[in-house]
Amino acid sequence: MGQTIARNRKAKHEYHIEEVYEAGIVLQGTEVKSIRAGRVNLKDSFARIEGNEVFLYNMHISPYKQGNRYNHDPERVRKILLKKREIKKLIGQTQQKGYTLVPLKLYFKRQLVKVQLALGKGKNLYDKREDIKRRTAKREVERAFKDRQLGRY
């Protein structure tokens, strides 16, 4: 894993993550310059398989300030580069009810921009509440343990 550029914080809250894939992404020159400046947002983005190719939707990359007429459309659909074997596996899995492809984070690996793509199943409201309860309980146990260690009980 290289330097993280952006992460989708809502993804783990909204989905049960089943599998994670590392994939390349097809970008234009001004997009790469904007990404290097950290001007990218994965908030509502998702991936979809069309034919035998994977495409990323709703990833916002702000226009590069010095890009003038060579600038890109911030919300354009971008192609994801995966191996044919992985795409075939994903086709079978995403056809099951409730499964979707969600980008978790965008990062540099050497000079290349990579996207971490996850196969996720949507959570129900009660699942989200259960996760919050579990996190809160864990935090309270750790706080009590720390207080006990420091002699503040």
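Quick grid of which residues meet (1) closer than 16 Å to V113 by Cα; (2) open to solvent by 70 Å² or more (accessible area, probe 1.4 Å); (3) at pLDDT 85 or above:
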{"site": "K12", "(1), (2), (3)": "no, yes, no"}
{"site": "E18", "(1), (2), (3)": "no, yes, yes"}
{"site": "Y21", "(1), (2), (3)": "yes, no, yes"}
{"site": "L56", "(1), (2), (3)": "yes, no, yes"}
{"site": "M59", "(1), (2), (3)": "yes, no, yes"}
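Out of all the residues in the stretch 23-54, which are of a type in the set (G, A, S), closer than 26 Å to I91 by Cβ and open to solvent by less than 40 Å² (accessible area, probe 1.4 Å)?
Step one: filter the stretch 23-54 for residues of a type in the set (G, A, S), giving 23-24, 29, 34, 37-38, 45, 47, 51.
With closer than 26 Å to I91 by Cβ added as a condition, the list becomes 23-24, 45, 47, 51.
Within the stretch 23-54, A23, G24, S45, A47 qualify.
The rows are residues; the columns are (1) modelled with pLDDT under 90; (2) open to solvent by less than 40 Å² (accessible area, probe 1.4 Å); (3) of a type in the set (K, R).
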residue: Q111; (1), (2), (3): yes, no, no
residue: G122; (1), (2), (3): yes, yes, no
residue: L125; (1), (2), (3): yes, no, no
residue: E142; (1), (2), (3): no, no, no
residue: K146; (1), (2), (3): yes, no, yes
residue: Q149; (1), (2), (3): yes, no, no
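Given the conditions (1) surrounded by 14 or more Cβ atoms within 10 Å (Cβ to Cβ); (2) more than 15 Å from I25 (Cβ to Cβ); (3) β-branched (V, I, T); (4) without any contact (Cβ under 8 Å) to a residue 40 or more places away in the chain, and given that T94 satisfies all but one, which numbered condition is not satisfied?
Evaluating T94 over (1) surrounded by 14 or more Cβ atoms within 10 Å (Cβ to Cβ); (2) more than 15 Å from I25 (Cβ to Cβ); (3) β-branched (V, I, T); (4) without any contact (Cβ under 8 Å) to a residue 40 or more places away in the chain leaves (4) as the failure.
For the stretch 109-127, does any single residue satisfy the condition of being in contact with a strand residue (DSSP E or B) (Cβ under 8 Å, 6 or more places away or on another chain), in contact (Cβ under 8 Å) with a residue 40 or more places away in the chain and acidic (D, E)?
yes
Kindly state which helices (runs of 4 or more DSSP H) lie completely within the stretch 1-105 and contain at least 1 residues that are within 12 Å of the chain's Cα centre (by Cα).
Values: elements: 11-14, 29-36, 84-94.
Where helices (runs of 4 or more DSSP H) fall fully within the stretch 1-105 and carry at least 1 residues being within 12 Å of the chain's Cα centre (by Cα), they are 11-14.
Using the structure shown, decide if R85 is surrounded by fewer than 10 Cβ atoms within 10 Å (Cβ to Cβ), modelled with pLDDT of 90 or more, out of contact with any Gly (no Cβ under 8 Å at 6 or more places or on another chain) and under 27 Å from E22 (Cβ atoms).
Numbers: surrounded by fewer than 10 Cβ atoms within 10 Å (Cβ to Cβ): yes; modelled with pLDDT of 90 or more: yes; out of contact with any Gly (no Cβ under 8 Å at 6 or more places or on another chain): yes; under 27 Å from E22 (Cβ atoms): yes.
Judged against the criteria, R85 is a match.
E75 passes all but one of (1) open to solvent by 70 Å² or more (accessible area, probe 1.4 Å); (2) within 30 Å of I132 (Cβ to Cβ); (3) among the acidic types (D, E); which number fails?
Only one criterion in (1) open to solvent by 70 Å² or more (accessible area, probe 1.4 Å); (2) within 30 Å of I132 (Cβ to Cβ); (3) among the acidic types (D, E) is unmet by E75, namely (2).
The values are calculated or read from the model by the stated rules, or taken from the named source; none is laboratory data. Keep in mind it's a predicted model, so treat the numbers as computed, not measured. Every residue, glycine among them, receives a Cβ derived from its backbone with ideal geometry; neighbour counts consider all protein chains shown. The protein model used for the area step is the full one, side chains on, heavy atoms only, and it has no ligands, DNA or RNA in it. Shrake-Rupley method; radii C 1.70, N 1.55, O 1.52, S 1.80 Å.
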